[in-house]
Amino acid sequence: MSDSGVYLIRNTATGTVYVGSAANMTARWRDHHRLLNQGRHHCRGLQAAWSQDGAGAFSFAVAEAVVDLAQLTQRECIWIEQYRATQPNGLYNSRYHAVRGGIAEQPYQPPFGYMTMQQAQAALGVSKPTLRRRVHRAQIDTFHDPRDSRVTLIPVAVLPRLENA
């Protein structure tokens, strides 16, 4: 199984899956297995289920062999969307798109009427600590995007208040 492609890590007890892709699926499975056994996997839901149900409750399967490595991320995104559409509660992936090396292949789009803290920083021309102080002083509530809990959002409408805070 050293070919490139899209793979599934399936919890055989619940049917929930994690969708991923790799140029070398055998090596990637070893990485997943090691991180899950160490309790350090990046996908919190998958890690929690692995810790609770044990390694024996999971299977690794090839969903699609992909020869053209340039198409790998796109094919993974298609599989993620397919599972999200057909089994919305049966997917461990928390992102709406595939990520390579920590960089999203598709640009992140915040919900309408909101901007990320990074976008606010750029708009105001301030550092991250300065923006955080201004948000705190102006008593503006921030929240995490439900699609990706690592993204902090603020309402666009509060930007003028932050310029003077």
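Here are the numbers for the structure shown:
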read-out	value
Residue among 110, 79, 130 farthest towards the positive dipole end of the chain, charges placed on Cβ	130
Potential extension, residue 87-residue 51 segment - 0.36 nm per residue separation minus Cα distance	10.7 nm
Mean Cβ count within 10 Å, highest first, over the residues of peptides 62-71, 27-36	27-36, 62-71
Furthest towards positive pole of dipole, 140, 42, 56, structure part the chain, Cβ charges	140
Options (i) 17.9; (ii) 15.9; (iii) 19.0 - which one matches Kirkwood radius over Cα pairs in Å as calculated here	(i)
Length-normalised contact order of the chain in % [C-alpha pairs under 8 Å, at least 6 apart]	21
Peptides ranked, highest mean first, by Cβ atoms within 10 Å: ranges 3-16, 41-54	3-16, 41-54
Share, in percent, of DSSP beta bridges within the chain that are antiparallel, nearest 5	95
Point-to-point label distance, residue 70-residue 123, nm (Cα→Cβ direction, 7 Å offset)	3.6
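Values in this text are rule-based calculations from the coordinates and carry no lab data. Note that the structure is a prediction, hence the values are computed from the model and not measured. Neighbour counts are summed over all protein chains in view; Cβ atoms, including those assigned to glycine, are modelled from backbone coordinates with ideal geometry.
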